[in-house]
Amino acid sequence: MNEPRSIEVLLFAGASEAADGADRVIVQSHENTTASELIKQLADQYSALAPLAHRSRLAIDQKYVSPSHVIQPGAEVALIPPVSGG
């Protein structure tokens, strides 16, 4: 069964700025959520993050993950926006 759950997502740089300076948001999701599903849910639930979310990567427990990675309960989840500069 796919039980509902909340996932805390840490925000950095442009993602934090898009969320009015928040360093984290809570996404309403479900068990067995994949990284790609979470990015879509994040964009749906926080419209200001939508343009950036689809160009960002997710890191789980401080490692980049594939879009098909299933997010386990208790994992540290971070949205890492594209890096620019020189």
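Some observations on this one:
- Using every pair of separate Cα atoms, the Kirkwood estimate puts the hydrodynamic radius of the chain at 12.8 angstrom.
- Percent RCO, i.e. relative contact order, over segment 16-66, from Cα pairs under 8 Å lying at least 6 residues apart: 28 percent
- Distant-in-sequence amide H partners of H69 (H built 1.01 Å from N, under 5 Å): A35, S36
- Of V65, A43, I26, farthest towards positive along the dipole that unit charges on Lys, Arg, Asp, Glu beta carbons give segment 16-66: V65
- GNM top mover of S16, S68, S29 - the chain, alpha-carbon springs below 10 Å: S68
- A Cβ-based charge dipole, computed about the Cα centre of the chain with Lys and Arg at +1 and Asp and Glu at -1, lands at about 260 debye.
- Efficiency of FRET between S66 and H30 - r from beta-carbon atoms, R0 22 angstrom, step 0.05: 0.70
- If R0 is taken as 41 Å, the Cβ-Cβ distance between E3 and V83 corresponds to a FRET efficiency of 0.70.
- Model label points for A75 and D44, set 7 angstrom from Cα along the Cα-to-Cβ axis, are 1.9 nm apart.
- DSSP loop GluC sites (Glu not before Pro) with at most 13 other Cβ within 10 Å excluded, longest remaining stretch of the chain: 32-75
- Whole-Hz couplings from phi, Karplus 6.51/-1.76/1.60, listed for segment 60-77; x for Gly and Pro: 10, 6, 6, 9, 4, 10, 6, x, 8, 5, 8, 7, 7, x, x, 6, 7, 10
Every number here is computed from the coordinates shown, using simple stated rules; none is lab data. Because the structure is a prediction, the values reported are computed rather than measured. Positions of Cβ are generated from backbone atoms using ideal geometry, with glycine treated the same way; all protein chains shown enter the neighbour counts.
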